[in-house]
Every structure is written in C-alpha cells, then in structure tokens.
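Please find one structure pasted underneath; my questions will follow.
The values are calculated or read from the model by the stated rules, or taken from the named source; none is laboratory data. Bear in mind the structure is a predicted one, so any value in this text is a computation, not a measurement. Because the Cβ atoms are built from the backbone with ideal geometry, glycine has one as well, and the counts that use them run over all protein chains shown.
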Amino acid sequence: MASVSQGFMKLFRNSSPTPPSNRTPATGPVRISRRSSGMAELSRVLASEDALCVLDLGATSPNNIRFLTEHGHRVYSEDLLVASTDPALVTRDEQGNRILDSKQFLTDNLVYPHAQFDIVLCWNLADYMDESLVKPVVGKLWSMLKPGGLLLAFFHTKEAGPDAPCYRFHITGTDVLEMQPIEARHAGAGFRLQRVFNNRHIENLFRDFASIKFFLTRDNVREVLVVR
C-alpha cells in the first residue's frame with residue numbers, strides 16, 4: 001500500500017475554500033464546498049489499491065459510502081462525537097474534576113479487530129471531543145490500523161475562534177469535500193471547539209505513528225495525514 005515516507009514531516013499549502021454551494025440539501029443547512037489536499041492524497045491511494053477497509057468516524061454520509069464503495073472498498077461508519085455525549089460516561093477524577101470514562105467508551109465503541117483498517121477518516125473529531133477521550137481514542141485507532149495504514153484528521157488553528165462550527169464532511173470528489181454544519185439537537189446542545197492543537201501538540205498526539213504530514217490551508221485548518 002502506498003504510504004508517506006517514514007519519520008519525515010512535510011508542509012504543503014492548500015487553496016482556500018471554494019464559495020458556498022448554491023444547492024440546498026433536502027434536509028439540513030446549506031453545505032460549503034472546500035478543496036482538500038489531504039483527501040486528494042488519500043484518493044490516489046483509494047484509486048490505485050485493491051479493495052481496502054475504511055473507517056469513517058463522522059455521521060453517516062451517503063456521499064462517503066457511495067464514493068468509497070464505487071472504488072471497490074468496504075466502509076464502516078461510526079459517529080464517535082455523538083457517542084461521546086452519553087451521560088452514562090460522566091465520572092470524576094481524583095481531584096473531583098469532571099471527566100468521561102474512556103475505558104467504558106472504548107468498550108462500547110470502536111469494537112473492531114486489531115489491524116483491520118487501511119484508512120481512517122477522523123475529520124475534526126479531536127477538536128470537538130472531550131479532552132479525556134482524545135488520547136485513548138487515538139491509541140485505539142493506532143491499534144486498529146494496519147501497518148502503513150493512513151489516518152486523515154483536521155485541526156483548527158487559533159485564528160478559527162471558539163465558535164468555529166462543527167462540520168459533517170461529505171466526499172464529493174477526489175479532492176473536494178462538502179462541509180455541512182451539525183445542528184444542535186436541542187437548544188444549547190451544539191458541539192463546541194474544545195481546544196486548539198498546535199503542531200507540537202499534534203505531533204505528540206500521533207507520536208506512536210510512523211510519520212506525519214501537514215497540509216497548511218487558508219481557512220484556519222490544518223489537514224494532517226499520518227501513517228501507522
């Protein structure tokens with residue numbers, strides 16, 4: 001399987017997002033189209049390899065399922081962000097601070113065999129998930145990826161601001177994504193940006209992976225492609 005050179009970090013600059021789509025889906029808010037260098041690199045792998053196993057960690061997207069299955073790949077979808085809001089996960093640490101039970105979370109979610117997946121689409125999960133779950137989830141994803149497997153993740157920069165909307169991502173082309181804002185299920189229940197990772201934080205988060213590549217964009221987002 002094609003992979004990024006191990007132990008070598010590269011920086012690339014991507015173009016700015018394209019203007020909002022003129023089409024309004026039958027349900028949900030208007031989608032915004034943006035080009036993705038990370039998705040473009042993944043698409044080359046998807047087009048050149050035999051049948052791969054892909055895990056999509058966003059809300060179920062018919063676009064993503066269609067794009068991947070048309071290329072002959074198997075796709076699994078699991079919305080970890082919604083799963084992380086389960087009230088039963090809430091507990092306290094030794095200092096009495098509110099945290100989520102990461103062991104229980106991983107017992108209930110990401111129940112897959114070791115080294116099952118070739119590609120994981122992590123999207124902006126780490127930015128919006130409770131901090132107590134982020135490192136355990138990344139560690140689990142490492143174990144679920146095959147050696148040489150790829151993980152794509154997006155991280156906001158500090159310029160994005162705390163009110164940066166949480167998006168659902170739909171693959172509409174080899175290098176194009178449609179971003180659909182996730183609407184709150186009820187007042188005050190929307191997902192908020194929890195933290196901003198700088199490059200060093202991101203490198204530390206994926207320190208057990210073989211290599212990491214950054215794509216610098218103009219819309220206050222870092223696209224990151226890591227290799228198991």
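Has the range 69-78 got at least one residue that is part of a helix (DSSP H, G or I) and either out of contact with any strand residue (DSSP E or B) (no Cβ under 9 Å at 6 or more places or on another chain) or surrounded by fewer than 17 Cβ atoms within 10 Å (Cβ to Cβ) (or both)?
yes
Let me ask something additional. Looking at GLY173 and the list (1) within 21 Å of SER36 (Cα to Cα); (2) in a strand (DSSP E or B), which single condition is not satisfied?
Failed condition: (2).
Please go through the range 148-170 and pick out each residue that is assigned to a helix (DSSP H, G or I) and loosely packed, with under 15 Cβ neighbours inside 10 Å. Spell out how you get there, then give the answer.
Here is the first cut: in the range 148-170, the ones assigned to a helix (DSSP H, G or I) are 158-160.
The answer is LYS158, GLU159.
State yes or no: is LEU46 outside any loop (DSSP other than H, G, I, E, B) and within 21 Å of PRO113 (Cα to Cα)?
So LEU46 does not fit the description; no.
Run GLY96 past the list (1) surrounded by fewer than 14 Cβ atoms within 10 Å (Cβ to Cβ); (2) under 30 Å from ALA210 (Cα atoms); (3) at pLDDT below 95 and report the number of the one that doesn't hold.
(2)
Within the range 100-123, how many residues are touching a residue at least 24 places away in the same chain (Cβ under 8 Å), among the acidic types (Asp, Glu) and surrounded by fewer than 20 Cβ atoms within 10 Å (Cβ to Cβ)?
1
To continue, here is another question. Report yes if some residue within the range 177-185 is assigned to a helix (DSSP H, G or I), within 14 Å of the chain's Cα centre (by Cα) and farther than 24 Å from VAL90 by Cβ; otherwise report no.
Within the range 177-185 (the criterion being assigned to a helix (DSSP H, G or I), within 14 Å of the chain's Cα centre (by Cα) and farther than 24 Å from VAL90 by Cβ), the answer is no, since none of the residues qualifies.
Now for a separate question. Within the range 43-64, can you find the residues that are among the β-branched types (Val, Ile, Thr) and within 18 Å of TYR167 (Cβ to Cβ)?
If the condition is that a residue be among the β-branched types (Val, Ile, Thr) and within 18 Å of TYR167 (Cβ to Cβ), then THR60 is the only one that fits.
Filter the range 99-142 for residues that are in contact with a Ser or Thr (Cβ under 9 Å, 6 or more places away or on another chain) and basic (Lys, Arg) and give the result.
LYS135
Could you tell me which numbered condition LEU110 fails, if it satisfies all but one of (1) assigned to a helix (DSSP H, G or I); (2) at positive phi?
(1)
Condition check: modelled with pLDDT of 90 or more and farther than 24 Å from ALA40 by Cα. Does HIS201 satisfy that?
yes
Somewhere in the range 127-147, is a residue part of a strand (DSSP E or B) and crowded, with 18+ Cβ neighbours inside 10 Å? Spell out how you get there, then give the answer.
Initially, the range 127-147 is screened for residues part of a strand (DSSP E or B), giving 145-147.
From what is left, the residues that are crowded, with 18+ Cβ neighbours inside 10 Å are 145.
Yes, the range 127-147 contains at least one residue that is part of a strand (DSSP E or B) and crowded, with 18+ Cβ neighbours inside 10 Å.
I need every pair where a residue in the range 83-99 that is free of Cβ contacts under 8 Å to residues at least 24 places away in the same chain has its Cβ under 8 Å from the Cβ of a residue that is surrounded by 12 or more Cβ atoms within 10 Å (Cβ to Cβ) and charged (D, E, K, R), sequence separation at least 6 or different chains.
ASP86/ASP108; LEU89/ASP101; VAL90/ASP101; THR91/ASP101
From the set of residues in the range 49-62 that are touching a Leu at 6+ places or on another chain (Cβ under 8 Å) and assigned to a strand (DSSP E or B), which is nearest to GLY72 (Cα to Cα)?
Ranking the candidates gives VAL54 first.
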